[in-house]
Amino acid sequence: MNVELMKGIASASGTVSRFRDGRVLVARTYKRTGKTCFYVVDPRRRRTKPTPSEIKARSTFGAVASEVSRRMKNGDTRPRSEIWKEVAKELRDE
């Protein structure tokens, strides 16, 4: 639906609200016309099951992320990317 924004708001783009059932209310201002539309987007459901390699990649990502955050909480002041590379290498070598 097309909407007219309040004075002082030139444009609105992105997620405005999330519903419990997974739907999302999205606002979009079009550059060409300058009109703003709000619409509801239904959640996309995956059609195929994750492959074993995807499942492995997800679990590896989770393990690395939790180890990186643990190290940063314990006082490691290096950049996150540097810690991430170190932890990922350690996991690969095991």
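The values are calculated or read from the model by the stated rules, or taken from the named source; none is laboratory data. Owing to the predicted nature of the structure, the values given are computational and were not obtained by experimental measurement. Cβ atoms come from the backbone with ideal geometry, glycine included; neighbour counts cover every protein chain shown. Just the protein is used for accessible areas: all its heavy atoms, side chains included, with ligands, DNA and RNA removed. Shrake-Rupley method; radii C 1.70, N 1.55, O 1.52, S 1.80 Å.
For the range 18-36, give me each residue that is over 18 Å from Asn2 (Cβ atoms) and part of a strand (DSSP E or B).
Listed by number, the residues that qualify are Arg18, Val24.
Please enumerate the residues belonging to the range 19-37 that are among the basic types (Lys, Arg) and loosely packed, with under 12 Cβ neighbours inside 10 Å.
Arg20, Lys31, Arg32
Considering only the range 38-94, state which residues are of a type in the set (Asp, Glu), open to solvent by less than 70 Å² (accessible area, probe 1.4 Å) and in a helix (DSSP H, G or I).
Across the range 38-94, the qualifying residues are Glu54, Glu67, Glu86.
So, in the range 4-16, exactly how many residues are closer than 29 Å to Arg46 by Cα and open to solvent by 40 Å² or more (accessible area, probe 1.4 Å)?
The number of residues fulfilling the criteria is 3.
Of the residues that make up the range 2-19, is at least one among the aromatic types (Phe, Trp, Tyr), in contact (Cβ under 8 Å) with a residue 24 or more places away in the chain and over 30 Å from Ala88 (Cβ atoms)?
Taking every residue of the range 2-19 in turn, none turns out to be among the aromatic types (Phe, Trp, Tyr), in contact (Cβ under 8 Å) with a residue 24 or more places away in the chain and over 30 Å from Ala88 (Cβ atoms).
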